[in-house]
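Visitor: Pasting a structure here, questions to come.
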Amino acid sequence: MKKIQCILLLAVLAAFVLTGCGADSGTVSEESQNQKDTYKIYLITKWKNAPFWEDLDEGCQQAAKEFGNIDYKWTAPEKAQSPLQGKCIDEAVAEGASAILLSALSLTDLSDNLEKAEEAGVKIIYVDSAADYPATATLMTDNSAAGKAAGEAMLKALTEAGVQSGTIGVASDYPDTVNTDIRGKSFREVFAGTDFTVAPSVYAGSDPQVAKDALKAHPEYVGFFATNQVPTTAVCEYVKETPSQTIYITFDAAENTLAMIKEGKIYATIEQNGEEMGHEGVEIAVQALNGTIKEKGIRKDIGVNVITKDNLPNQ
């Protein structure tokens, strides 16, 4: 009997080992540790057709791939209008967004949409342009430094060309867009106390033709500063078609802009680090969602590069 009991006991122990209970419990534990919540993260930009937004998207995609548990989507309004962007925010929330990376079209118009998003548990991270609604983080170019860099590049170019006075034009997107407004103001400050006059800004919205018409109307300008991609597109189109002695400083580094710099038709462009901004935005969103970051109001300057003919990429 004792022999039979011993055999049965050994059989039970063998069955326990063969079924892998000990190994399975270890495996399950490892799987549990490795399991991650899937986060739905949206990038909502002002519009879609611009190289800077594509850079932002690329950075977001890279971060999403690295984390592996991100359901990522890039969306934007069909027209650059804050009510339409508000609708994009609402739709993202309805689709179960965990976090939204937002480049805001308006400082004040999106507050109701963002409040509803936050009430639904959505983390808000501003990229490029912020609204005045409190957010987990704001990742932006130091627009004051960027405008100053553009002004200093313009003054250097004018000095090199032997131009000591004249009128300089400025074109922007919207009058209530904080980032481009700051760039324009800082640009103007560089010329305080000089013999140069900086003309009132032309606001092109999302239509490059408005800025292009301003260029056509003022061939006497000795310089022209485009504070973002829309007027930059206008400058690129204009200098291809029209011989000009005007010195141009633009914003962002689209291929056609770099081509115009290479040809000497644009003096310099101010390049934002869009990929880094998008990548870090997703990182911060994940950290906020998993509780690593609990505070609000994080601010970070992503920095800019001044690109001239002397330091063109891939040259």
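Visitor: Kindly indicate whether any position in the stretch 10-21 is open to solvent by 90 Å² or more (accessible area, probe 1.4 Å), at pLDDT 50 or above and of a type outside the set (Phe, Trp, Tyr).
Guide: no
Visitor: Within the group Lys46, Lys2, Lys79, which residue is of a type in the set (D, E, K, R), at pLDDT below 95 and touching a Pro at 6+ places or on another chain (Cβ under 8 Å)?
Guide: Only one candidate qualifies: Lys46.
Visitor: Still on this structure, please answer the following. If I go through the stretch 186-204 residue by residue, how many of them are part of a loop (DSSP other than H, G, I, E, B) and either under 30 Å from Ser103 (Cα atoms) or among the aromatic types (Phe, Trp, Tyr) (or both)?
Guide: 5
Visitor: Picking from Ile293, Ile266, which residue would you name as being in contact (Cβ under 8 Å) with a residue 60 or more places away in the chain and touching a helix residue (DSSP H, G or I) at 6+ places or on another chain (Cβ under 6 Å)?
Guide: Ile293
Visitor: Across the stretch 115-161, which residue is least open to solvent (accessible area, probe 1.4 Å) among those that are outside any helix (DSSP H, G or I) and acidic (Asp, Glu)?
Guide: Asp128
Visitor: Moving on. Quick check, is Leu101 within 23 Å of Gly205 (Cα to Cα), in a strand (DSSP E or B) and touching a residue at least 24 places away in the same chain (Cβ under 8 Å)?
Guide: When the stated conditions are applied, Leu101 passes them.
Visitor: In the stretch 162-180, what residues are in contact (Cβ under 8 Å) with a residue 24 or more places away in the chain, out of contact with any His (no Cβ under 8 Å at 6 or more places or on another chain) and either more than 21 Å from Ser144 (Cβ to Cβ) or not in a strand (DSSP E or B) (or both)?
Guide: Val163, Gln164, Ser165, Gly166, Asp173, Tyr174, Pro175, Asp176, Thr177, Val178, Asn179, Thr180
Visitor: Kindly establish whether Thr250 is within 26 Å of Gln81 (Cβ to Cβ) and β-branched (Val, Ile, Thr).
Guide: Here the answer is yes, as Thr250 does meet what is asked.
Visitor: Another question, then. Being in a loop (DSSP other than H, G, I, E, B), modelled with pLDDT of 95 or more, more than 22 Å from the chain's Cα centre (by Cα) and of a type in the set (D, E, K, R): is that true of Lys294 here?
Guide: Judged against the criteria, Lys294 is not a match.
Visitor: Of all the residues that make up the stretch 173-203, how many are open to solvent by less than 40 Å² (accessible area, probe 1.4 Å) and at pLDDT 95 or above?
Guide: Within the stretch 173-203, residues that are open to solvent by less than 40 Å² (accessible area, probe 1.4 Å) and at pLDDT 95 or above number 10.
Visitor: Also, I was wondering about something else. Look at the stretch 102-114 and say how many of its residues are open to solvent by 10 Å² or more (accessible area, probe 1.4 Å) and in contact with a Phe, Trp or Tyr (Cβ under 7 Å, 6 or more places away or on another chain).
Guide: Final tally of qualifying residues: 1.
Visitor: Ok, one more. What is the residue count in the stretch 269-289 for residues that are polar (S, T, N, Q), at pLDDT 95 or above and in contact with a Ser or Thr (Cβ under 6 Å, 6 or more places away or on another chain)?
Guide: The number of residues fulfilling the criteria is 1.
Visitor: Given the structure, is Gln287 within 27 Å of Ile41 (Cβ to Cβ) and out of contact with any strand residue (DSSP E or B) (no Cβ under 9 Å at 6 or more places or on another chain)?
Guide: Criteria met by Gln287.
Visitor: Continuing with this model, one more query. Sort out which residues of the stretch 162-172 are of a type in the set (Val, Ile, Thr) and open to solvent by 10 Å² or more (accessible area, probe 1.4 Å), and write them in order of number.
Guide: Val163, Thr167
Visitor: Against the conditions (1) crowded, with 20+ Cβ neighbours inside 10 Å; (2) modelled with pLDDT of 95 or more; (3) touching a Phe, Trp or Tyr at 6+ places or on another chain (Cβ under 9 Å), where does Phe52 fall short? Just the number, please.
Guide: Going through the list (1) crowded, with 20+ Cβ neighbours inside 10 Å; (2) modelled with pLDDT of 95 or more; (3) touching a Phe, Trp or Tyr at 6+ places or on another chain (Cβ under 9 Å), Phe52 breaks only (2).
The values are calculated or read from the model by the stated rules, or taken from the named source; none is laboratory data. Nothing here was measured: the structure is a model prediction, and the numbers come from that model. Methodologically, a virtual Cβ is constructed for each residue, glycine included, from the backbone with ideal geometry; neighbour enumeration extends over all protein chains shown. Heavy atoms of the whole protein, side chains included, go into the accessibility calculation; ligands, DNA and RNA do not. Shrake-Rupley method; radii C 1.70, N 1.55, O 1.52, S 1.80 Å.
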